[in-house]
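A quick write-up on the structure given underneath.
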Amino acid sequence: MEQLLNDFSPGLFVMQTVLLLGLIFLLVKFAWKPILNSLEDREKGIQDALDAAESAKKEMQNITADSENLLKEARAERETMLKEARELKEQMLADAREEAQKEGDKIIEKAKATIDSEKKAAVADIKSQVANLSLEIAEKVLKEELSDKSKQLKLVEDMLGNVKLN
Amino acid sequence: MKFSHRSHLVFTTFFAVLFSATLWASDEEKHEGAVNKPEHVAAYIQHHIKDAHDFHLYSYTDTHGERKHVGFPLPVIVWSSKGLATFMSSKFHHDDDGKVIVEAGGTRFVKLHSKIYELEAGADTVAFDETHHATNAHKVLDFSITKSVFGILLVGLLMFFWFSRLARQYKSRKVPKGFGRVLEPLVLYVRDEIAKPNIGEKRYREFTGYLLTVFFFIWILNLLGLTPLGFNVTGQLAVTAALAIFTLIIYTFKGNKGYWGHMLWMPGVPVLIRPVLAIIEVAGAFLIKPFSLLVRLFANISAGHIVVMSLIAIMVTMKAEIGAVGATALSFILSFFITLIEVLVAFLQAYIFTMLSALFIGMAVEEHDHH
């Protein structure tokens, strides 16, 4: 203990105190303060960046979900549109078929009517021709009869043989 | 590149000074200071762990059988009865036994066991009593740039150079490069592992500067002590006492109401016990805490130096028993491993001193709102 006290140098104690005080002052001013401030700024920057990345990730997830919903909706809309179109097509086809059927029926009806009227006209024509022929025959027969009895008869026979009734 | 050039210049200058000092060598003593016999070892170690007035690097005996000392002298600055006196330590010519008398500032000085004594008026030689104490000389206030002060200045400059450079780096870049990249994690370590947990998030900032300074100061000086330069700064009582008193002053003046309340009038215990506790607490705060800080650091570092040097000395002390080769090998192996442990101790003691300082400060500024 005595030796320890003997070794204790008050001068060194004073020098150490003064130098350490100076060192603390200089280092705090020129080193520790700027260093700690920069470190804190940097840590804050890193934290902010991480937070921003996290929120960006969440936003991204939201956007993805939104677009997926949109896609789903669009798909559903397409489906309904296709379905509607198909139905419309069927409808149109059915309508057209019906229309065509009706039109055809009408045409056939008309044709039938025309045929009927043509037939009637033809029959009437034939009738009038037969009447004319009969009249001509009657005329010729009458003429022959006036000249020769036998000839008249023959003529009637020939005429009747030539005439073809259809 | 600019910086590496500059630091290169600094170190070149430093070593140029060291080697030019080689010229300063004494030839007066013969074989004095040579440690070749076991009797010399204890005195040599005792001498080494003390502060010194010159920077001694090594000694050798030249071909003419003359003892040469290599190193450089340091300025002696003392406050004597006649006022301030300054001279270079080379004037003592390596004398440590009070034989060489130096006249300066109108009075006479001798150096005795690494201390400067002023001779009383009229005395021509130092007279000793039977316990080898000087009877006609007294100690003076010694503000010399001793080896320890030189070490403190060196470490101070080194720290200022390193850390102000690191601080400047942050102006241009977020992540430091080069040596700053080594220093940054250490700064973060002190801040996050020592200051924050012991003082608390709220107030750690105002004390971190002190803790960082003390941590690096002690650690670098501890490590310097392990180099062959032979510094023993943190093994000087005066140095560790100053450090401990800094911590004492900080936690005494920064202590809040709760701290003083708990110290002087402990709440939650019977009133009669309170004065007794107050005595114990006051003794704890003003004596035990700083004393434990200063003695722990001083004793650990001094003991480390003594153990390393004793193990190195095995090559002298055991030469007779196991031969020169065996003693040298044994001493090399043992001192190698103990030096590795000392590297750990160097860090550990810096850590413990800083951690306890932070803890004491933390106790003084802690919020006592739970009563």
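A short reminder: the numbers here are calculations on the coordinates, not readings from a lab. Source: prediction; values computed, not measured. All Cβ positions, even for glycine, are placed from backbone atoms using ideal geometry, and neighbour counts span all protein chains on display.
Specify whether the C-alpha gyration tensor of chain A places it in the rounded, prolate or oblate class, a ≥ b ≥ c being the square roots of the eigenvalues: rounded for a/c under 1.5, otherwise prolate if a/b is larger than b/c and oblate if not. Please report the intermediate quantities before stating the final value.
Details: a/c = 14.46, a/b = 11.50, b/c = 1.26.
Here chain A falls in the prolate category.
Sorted by mean Cβ packing within 10 Å, highest first, what order do the peptides B:44-56, A:59-71 take?
Working: B:44-56: 19.3, A:59-71: 10.0.
The densest-packed peptide leads the list: B:44-56, A:59-71.
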**Asked** Around B:Leu57, which amide H atoms from residues at least 5 apart in sequence, or from another chain, sit under 5 Å from its own amide H, with H modelled in the peptide plane?
**Response** B:Val70, B:Gly71, B:Phe72
**Estimated vicinal HN-Hα couplings, Hz - the stretch B:89-97 in sequence order (Karplus 6.51, -1.76, 1.60; Gly, Pro = x)** = 5, 5, 4, 7, 6, 6, 6, 10, 10
**Message:** Output wanted: per-residue J couplings in Hz (rounded whole) for the stretch A:129-136, from phi through Karplus 6.51 cos²θ - 1.76 cosθ + 1.60, θ = phi - 60°, x for Gly and Pro.
**Reply:** 5, 4, 5, 4, 4, 4, 5, 4
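Tell me what the protein assembly as shown gives for mean residue ellipticity at 222 nm when only DSSP H runs of n ≥ 4 count, each as -39,500 (n - 2.57), the sum divided by the residue total, rounded to 500 deg cm²/dmol.
Numbers: 16 runs with 357 residues, N = 537.
Result for the protein assembly as shown, helices only: -23000 deg cm²/dmol.
By the scheme Lys and Arg +1, Asp and Glu -1, what is the net charge of all other residues having a beta-carbon under 13 Å from that of A:Ala76?
-1
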**Fill in**
Between the Cα axis of helix B:319-365 and the main Cα principal axis of chain B, the angle (0 to 90°, nearest 10) is 30 degrees
**Message:** What is the angle, in °, between the Cα long axis of helix B:205-226 and the longest principal axis of the Cα atoms in chain B? Nearest 10 is fine, range 0 to 90.
**Reply:** 30 degrees
**Message:** Could you tell me the calculated FRET efficiency between B:Asp129 and B:Phe253, based on Cβ-Cβ distance and R0 = 41 angstrom, to the nearest 0.05?
**Reply:** 0.35
**Item:** Cα centroid of the stretch B:211-285 to Cα centroid of the stretch B:291-346, whole Å
**Value:** 29 Å
**Prompt:** How many angstrom separate the Cα center of the stretch A:46-81 from the Cα center of the stretch B:34-64?
**Reply:** 80 Å
**Request:** Tell me which residues come under 5 Å, amide H to amide H, from B:Val76 once H is placed; ignore anything under 5 positions away on its chain.
**Result:** B:Phe87, B:Met88, B:Ser89
**Request:** At most 14 other Cβ atoms within 10 Å and a DSSP loop assignment: could you name the trypsin sites (Lys or Arg not before Pro) in the stretch B:148-207 that fit?
**Result:** B:Arg173, B:Lys174, B:Lys177, B:Lys202
**Prompt:** For A:Asp41, what charge total do you get from the other residues with a beta carbon under 13 Å from its beta carbon, if Lys and Arg give +1 and Asp and Glu give -1?
**Reply:** +3
**Message:** Through the Karplus equation 6.51 cos²θ - 1.76 cosθ + 1.60, θ set to phi - 60°, convert the phi angles of the stretch B:157-167 into ³J(HN,Hα) values in whole Hz; use x for Gly and Pro.
**Reply:** 5, 4, 5, 5, 4, 5, 7, 5, 5, 4, 4
**Residues whose placed amide H lies under 5 Å from that of B:Val100, excluding near-sequence neighbours** = B:Lys111
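Could you sort out which of A:Lys127/A:Lys154; A:Lys29/B:Lys177; B:Lys147/B:Lys171; B:Lys111/B:Lys254; A:Lys120/A:Lys140; A:Lys143/A:Lys164 sit more than 32 Å apart by Cα distance in this structure? Don't skip to the end; give the middle numbers.
Numbers: A:Lys127/A:Lys154 25 Å; A:Lys29/B:Lys177 22 Å; B:Lys147/B:Lys171 37 Å; B:Lys111/B:Lys254 42 Å; A:Lys120/A:Lys140 30 Å; A:Lys143/A:Lys164 22 Å.
In this structure, B:Lys147/B:Lys171; B:Lys111/B:Lys254 lie more than 32 Å apart at Cα.
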**Message:** I'd like the orientation of helix A:10-27 relative to chain A: the angle between its Cα long axis and the longest Cα principal axis, in ° from 0 to 90, rounded to 10.
**Reply:** 20 degrees
